[in-house]
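Take a look at the structure below.
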Amino acid sequence: MALRDVKPTRSELINLKRKIKLSERGYNILKMKRDGLILEFFKVLDEARTTRGALEEKYGKAVGMIALSNTIEGTLALKSAALSVKEIPTIQLKSKNIMGVVVPEISSSKVKKGLLERGYGLLGTTSVMDETATSYEDLVEAIIRSAEIETTMKKLLDEIESTKRRVNALEFKVIPELTEARDFIKMRLDEMEREELFRLKKIKARTKG
Amino acid sequence: MSAIVGSAPYIYVCTRFRVRRMKLIPQEEYLRMLQMSLPEIIRLIQETEYKREIDELSHSFHGIDLIEVALSWNLAKTYQKVLAIMPEGLREMTESYLRRWDIQNVLSILRGKAQGLPPGKIKEVLIPAGELNRDYLDKIITCAEPEKVLESLKRWRLFPVLARELPRAAESGSFSSLENELYKQFYHDILEETGAGIKGGKEFLEFLRLEIDIRNLQTLFRLRVNGAKGEVVTFFIPGGTFTVEELVRLHEVSSPDAFFDSLTAQLKSRELVSLLGRFRQKNGLAPGTLHEIESALTLMQYSRLEMMARFHPFSIWPILAYIERKKQEITNLRAITRGKQAGLPMEQIRNYLVM
C-alpha cells in the first residue's frame with residue numbers, strides 16, 4: 001500500500017487498527033497451523049519411510065519371483081495360469097481431514113487371495129506360481145498403502161508451503177505496511193492537530209490585539 | 001487298447017528313440033552354456049535343431065520370448081512326430097501320456113475365451129504337444145464362446161469331465177475345479193489303460209503311482225504352507241499309494257513334527273523318506289523353500305524313469321524316457337536363457353537344471 005493513497009482521517013486510522021489487529025490474530029493462527037502441520041508431516045514422514053522401504057523390498061521380491069517363475073515354469077505356463085484370474089482387485093477412495101487438509105483414505109479389496117481363490121487349479125501348477133502370486137499381491141497391497149501415505153505427505157507439504165507463504169506475507173508485508181500506514185496517519189493527524197492549535201492561537205492573539 | 005504281438009515293434013521303435021536320444025543336448029553342453037553370455041547362448045541355440053522354429057517365428061517374437069516360443073514349438077513338433085512313428089497299441093498309450101498337454105491347452109483356451117482375449121493372444125500360450133494338434137487347436141480358438149469350444153471338443157477323451165464341470169466353472173468364474181477334475185480323470189484313464197498288453201506296463205503302473213504320490217505330496221505341502229482350510233479332499237488324485245482319506249488326515253495334523261513323522265511312517269519309497277528328511281532338517285515346510293522340495297521330487301522321478309529305461313531297453317520305458325528327456329532339454333534351455341536374462345547366479349540356475 002503506497003502511503004500517498006492513504007487518507008489521513010480518523011476513521012481510516014480506526015479501520016487500519018482493526019485490520020492490524022485482525023492480521024496479527026490471523027498471523028498467530030496461521031503460525032500455529034503451520035507448526036501443527038509440520039508436526040503432522042513428520043509423523044507421516046516416518047510412516048512414509050517405512051512403507052516406501054516395504055514397497056521397495058516387496059518390489060524386489062516380486063521381480064525376483066517372476067524371474068524364478070519364468071526360469072522354472074516358463075512364461076507360457078505363467079501366462080496361462082494368469083488368465084485364470086477373474087476377480088480384479090478394487091480400491092475404495094474416501095477422504096479424511098488433517099488440520100483442514102483433505103487427504104485420501106484408500107482401502108482395497110480382493111487384493112490378497114487365498115490359494116484356493118486364485119482361479120487356477122492345484123494339480124496343473126506348482127508352488128513357485130503360488131509364491132509369485134503371493135509376492136505380487138503383497139506388492140499391490142504395499143503400493144496401495146504407499147499411495148495413501150505419500151499422497152497425504154504431498155498434500156501436507158503443499159499446505160505447509162502455502163501456509164508458510166501466508167505467514168511470511170503477513171509477517172513481512174501486510175502487517176508492516178499496515179503499521180506504517182497507521183503510523184503515517186497518526187503522524188498526519190498529530191500534525192493537523194498541531195496546525196489547528198497554532199491557527200487557533202494565532203486567531204486568539206489577533207482578536208486580543 | 002490293442003496288445004502288441006512280439007518284440008519286433010518294440011525293438012524298432014526303441015532303437016529309433018535311442019538314436020533320437022543321442023541327438024539331444026548332453027549334460028556337458030549345459031554346463032558350458034552356463035559359463036556363456038546370453039547372446040552366445042542364443043547363437044548356440046540358433047545353430048541347433050531349433051533353427052527352423054526360430055526362423056519361422058522371428059517375425060512375431062523377439063529376444064528371449066522368441067527362444068522360449070520356438071523351444072515350445074519344437075517340443076510340440078517332436079511329440080507329434082513321436083506319435084506318428086508309434087505302432088498301434090503303443091501309440092494309444094503315448095497319446096494318453098501326452099494328454100496332459102491337451103489339458104493345459106484346453107484350459108488356456110477356455111480361460112482366454114472367458115477373459116475375452118483375441119485368438120492370436122490365446123494361440124501364443126498354446127503348446128500343441130498332445131493328441132490335439134495345432135490345426136485342431138487353431139480351429140477351436142476361433143470359437144467365440146467357451147460353450148462353442150466345448151462343442152468342438154465332443155470327440156476328446158476328457159469331454160465328459162469338461163461337459164460336467166464347465167457350466168459350474170462359467171457360473172463361479174473359476175476354472176480351478178475344472179482343472180483339478182481334468183487332471184484327476186487324466187490319471188484315472190492312464191492308470192486304467194496301463195498294464196496288460198504292454199512290455200514294462202506293470203513297472204510303468206508303479207511309476208505312475210509314484211508320480212501320483214509326488215503330485216499329491218506337492219499338493220499337500222502347498223495346502224499346508226498356504227494354510228488352506230476346509231474341503232481339501234477334491235485336490236488329491238486317487239490311485240497312488242496313499243489313499244485320499246490318508247492325505248486328508250495328514251493335512252489335518254497341526255504340528256509340523258507330527259506331520260513329518262506320520263508322513264514318513266506311511267511312505268514306502270526310501271528315496272522319498274530320505275529326501276523329505278533332508279528338507280525337514282534344513283528348513284521344514286516354508287513358503288520360500290517349497291519349490292526346492294518340488295524340484296527335488298521331480299528330479300527323483302526323472303532318475304527313476306532313466307533307471308527303468310536302462311532295465312527295460314525294449315519296452316514302453318525308452319519311449320517315455322525320450323519324451324521326458326526332450327521336455328527336460330526344453331526346460332533346461334529355457335531355464336538357462338531366462339535365468340541369464342534375469343541375472344540369476346550361475347549356481348542357482350544350475351539347481352533348476354534337470355541333468
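The values are calculated or read from the model by the stated rules, or taken from the named source; none is laboratory data. Worth saying up front: this structure is predicted, and the values here are computed from it rather than measured. Reconstructed Cβ throughout: ideal geometry from the backbone, glycine too, with neighbour counts over all protein chains shown. The area values use the complete protein model at the heavy-atom level, side chains included, leaving out ligands, DNA and RNA. Shrake-Rupley method; radii C 1.70, N 1.55, O 1.52, S 1.80 Å.
Every Cα-Cα pair of the range B:100-196 was included, and the share exceeding 15 Å stands at 58 percent.
Result for chain A in a Gaussian network model with C-alpha springs under 10 Å: among A:Arg145, A:Arg166, A:Arg188, the largest mean-square fluctuation is at A:Arg188. For A:Arg10, the accessible surface of its heavy atoms amounts to roughly 140 Å² (probe 1.4 Å, protein chains only, rounded to the nearest 10).
For chain A, the longest principal axis of the Cα atoms and the long axis of helix A:175-208 meet at an angle of about 10 degrees. Placing pseudo-labels 7 Å out from each Cα toward the beta carbon at A:Thr9 and B:Val233 gives an inter-label distance of 9.7 nm. Interface burial in the range B:167-193, defined as at least 10 Å² less accessible area with all protein chains than with the chain alone at a 1.4 Å probe, covers B:Gly173, B:Ser174, B:Phe175, B:Ser176, B:Glu179, B:Asn180, B:Tyr183.
If you take the accessible area of B alone, add that of A alone, and subtract the area of the pair, what total do you get in Å², probe 1.4 Å, to the nearest 100? Its buried surface, counting both partners, is about 3300 Å². Split the accessible area of the protein assembly as shown by element, probe 1.4 Å, and carbon with sulfur accounts for 55%. Full extension of the chain between B:His188 and B:Gln80 gives 36.5 nm of extra length, using 0.36 nm per residue less the Cα-Cα distance.
Mind telling me which of B:Glu211, B:Glu92, B:Glu231 comes out most flexible in a GNM of chain B, alpha-carbon contacts under 10 Å? Checking each option, the largest mean-square fluctuation is seen for B:Glu231. For chain B, hydrophobic long helices are taken as DSSP H runs at least 24 Å long by C-alpha position along their axis with mean Kyte-Doolittle hydropathy of 0.5 or more; these are B:63-85. Inverting the pair-averaged 1/r between distinct Cα atoms of the protein assembly as shown gives 29.0 Å as its Kirkwood hydrodynamic radius. Comparing B:Gln341, B:Gln104, B:Gln115 in a Gaussian network model of chain B (Cα springs below 10 Å), the most mobile by mean-square fluctuation is B:Gln115. Applying 1/(1 + (r/R0)^6) with R0 = 45 Å to the Cβ-Cβ distance of B:Glu29 and A:Lys94 gives a FRET efficiency near 0.15.
Using the heavy atoms of the protein chains alone and a 1.4 angstrom probe, what is the accessible area of the protein assembly as shown per residue in square angstrom?
Values: 28540 Å² over 564 residues.
I get 51 Å² per residue for the protein assembly as shown.
Relative to the longest principal axis of the Cα atoms of chain A, helix A:127-169 runs at roughly 0 degrees.
The loop-placed trypsin sites (Lys or Arg not before Pro) in the range B:67-102, going by DSSP, include none that has at most 15 neighbouring Cβ atoms within 10 Å of its Cβ.
Cross-linked pairs B:Lys77/B:Lys121; A:Lys33/A:Lys154; A:Lys86/B:Lys123; A:Lys79/B:Lys77; A:Lys110/B:Lys139: Cα-Cα separations exceed 27 Å for A:Lys110/B:Lys139. Can you give me the angle between helix A:10-72 and the longest principal axis of chain A, using Cα atoms only, in degrees from 0 to 90, rounded to the nearest 10? Long axis of A:10-72 versus the principal axis of chain A: about 10 degrees.
Ordering A:Met187, A:Met192 from largest to smallest accessible area (1.4 angstrom probe), what's the sequence? Working shown, then result.
Values: A:Met187 110, A:Met192 80 Å².
So the residues, ranked largest to smallest area, are A:Met187, A:Met192.
With a 1.4 Å probe rolled over the protein heavy atoms of all chains, the accessible area of B:His251, B:His62, B:His312, B:His188 falls in the order B:His62, B:His188, B:His312, B:His251, largest first.
For chain B, what class follows from the C-alpha gyration tensor (a ≥ b ≥ c being the square roots of its eigenvalues): rounded when a/c is under 1.5, otherwise prolate if a/b is larger than b/c, else oblate?
Numbers: a/c = 1.19, a/b = 1.11, b/c = 1.06.
Because its axes are fairly even, with a/c under 1.5, chain B counts as rounded.
From helices alone, chain B scores -23500 deg cm²/dmol at 222 nm; the rule is -39500 (n - 2.57) for each run of n ≥ 4 DSSP H residues, then divide by the residue total. Per-residue surface analysis assigns B:Met300 an accessible area of about 10 Å², computed on protein heavy atoms at 1.4 Å probe radius.
Computed over chain A, the per-residue total of -39500 (n - 2.57) for DSSP H runs of n ≥ 4 gives a 222 nm mean residue ellipticity of -26000 deg cm²/dmol, rounded to 500.
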